[in-house]
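What follows is a set of notes on a single structure, which appears directly below.
The values are calculated or read from the model by the stated rules, or taken from the named source; none is laboratory data. Just so it is clear, the structure is predicted and the values come from calculations on it, not from any experiment. Reconstructed Cβ throughout: ideal geometry from the backbone, glycine too, with neighbour counts over all protein chains shown. Ligands, DNA and RNA are stripped out before the accessible areas are found, and what is left, the full protein with its side chains, is counted by its heavy atoms. Shrake-Rupley method; radii C 1.70, N 1.55, O 1.52, S 1.80 Å.
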Amino acid sequence: MNAILDIQKTPAAWTLTLNRPSKRNALSAELVEALIAAVEEAHARQAPLIAFRGTGKNFSAGFDFSDYEDQSDGDLFHRLVRIEQLLQLIARSPALTLGYAHGRNFGAGVDLFGVCKQRYCSADASFRMPGLKFGLVLGSRRFRDIVGPQHALSILSSTRTFHADEAVRLGFAQDTAPEPGFDALIADAAEIATALASDTRASLHRALDMRDADADADMAALVRSTSRPGLKDRIRKYLNDAMMAPSPSR
């Protein structure tokens, strides 16, 4: 496994493994494009299940800031729009989607986990969405729909970390599971995914997706939040402040 995205295919399930462990599986432009291409191909081949996981210490550290200084506001804006397009692609997937999170996860990595229909995490997993610190509104409506408006407001407005036990209590994760048990989770999910014909499963997902009408509003919220001049300056200030601040606690 040496590609930034490892893809394992069986008739019942495609497993997409984020493979940038030295960068904590941060979502570089290349990784986002690889994910979009893989999900689109899985849809074209009518894969019943698409599962997401990460190598190394965590699932994903979110947006990759490592080269942001070399990019323009427009470049950064485009990258964020592509992340939202990836999230919407997964949210509308005719396949059953399964996410597994372990370790410390941030921002768009949390959104990638949250957009899956089935979600499990390790007992040591933690989640934090600090994007509002630099004015980014990404995934907020989806998070609200999962955990409820009051919990979403509390977590997002304070940008605080929440841990596996709270994630399960709020329904953000269905349950905790040890990382070696992920293959068993895939097998269980694949059994569910293949119980229906592909067109029936897709129709069911469309019927149950109460948020389809909000997709344009989600994109509009992202565009408004990131199109203000000075995006790179806001990111720089956020990163500088984060370096000076003590590690976030519960």
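If you run the Gaussian network model on the chain, springs between alpha carbon atoms under 10 Å, then out of Arg20, Arg142, Arg236 the most flexible one is Arg236.
How compact is the chain by the rule of thumb for globular proteins, expressed as Cα Rg over 2.2 N^0.38 Å? Write out the running numbers ahead of the final one.
Working: Rg = 17.3 Å, N = 250, 2.2 N^0.38 = 17.9 Å.
Normalised Rg, Cα atoms only: 0.96.
Ordered by solvent-accessible area of protein heavy atoms (1.4 Å probe), largest first, the residues Glu30, Glu179 come out as Glu30, Glu179.
Return the subset of Lys57/Lys117; Lys9/Lys117; Lys117/Lys237 for which the Cα-Cα distance in this structure is over 29 Å, preserving the input order.
On the way: Lys57/Lys117 23 Å; Lys9/Lys117 19 Å; Lys117/Lys237 35 Å.
Cα-Cα > 29 Å for Lys117/Lys237; rest within.
Each peptide in 165-177, 222-234 receives the mean, over its residues, of other Cβ atoms within 10 Å, and ordering these scores from highest gives 165-177, 222-234. The alpha-carbon of Lys232 sits under 22 angstrom from the alpha-carbons of these lysines, leaving out residues fewer than 8 places away in its chain: Lys23, Lys133.
Simple spin-label estimate for Leu208 and Arg169 gives 2.6 nm between the two label positions (7 Å along the Cα-to-Cβ direction from each Cα).
Nearest 5 percent is fine: what portion of the DSSP beta bridges confined to the stretch 91-247 is antiparallel?
Numbers: 2 of 11 bridges.
Roughly 20 percent of the DSSP beta bridges within the stretch 91-247 come out antiparallel.
Can you check what the net charge comes to around Phe77, using other residues whose Cβ is under 14 Å from the Cβ of Phe77 (Lys, Arg +1; Asp, Glu -1)? Present the calculation step by step, with values, prior to reporting the outcome.
Numbers: positive: Arg79, Arg82, Arg224, Arg228, Lys232, Arg234; negative: Asp73, Asp75, Glu84, Asp233.
Local net charge: +2.
The distance linking the stretch 50-70 with the stretch 190-208 is 29 Å (Cα centroid to Cα centroid, whole angstrom).
Given the DSSP H assignment, sum -39500 (n - 2.57) over each helix run of at least 4 residues in the chain and divide by its residue total; what's the result at 222 nm in deg cm²/dmol, nearest 500? Don't skip to the end; give the middle numbers.
Numbers: 10 runs with 117 residues, N = 250.
Dividing the helical sum by the residues of the chain leaves -14500 deg cm²/dmol.
Counting 0.36 nm for each residue step from Ala12 to Asp67 and taking away their Cα separation leaves a gain of 16.0 nm. For the peptides 66-77, 88-99, the ranking by mean Cβ contacts within 10 Å, running from highest to lowest, is 88-99, 66-77.
Is the stretch 24-65 rounded, prolate or oblate when judged by the Cα gyration tensor, a ≥ b ≥ c being the square roots of its eigenvalues, rounded requiring a/c under 1.5 and prolate requiring a/b larger than b/c? Here the stretch 24-65 falls in the oblate category. Listed peptides 107-118, 31-42 appear in the order 107-118, 31-42 once ranked by packing, highest mean of other Cβ atoms within 10 Å at the front.
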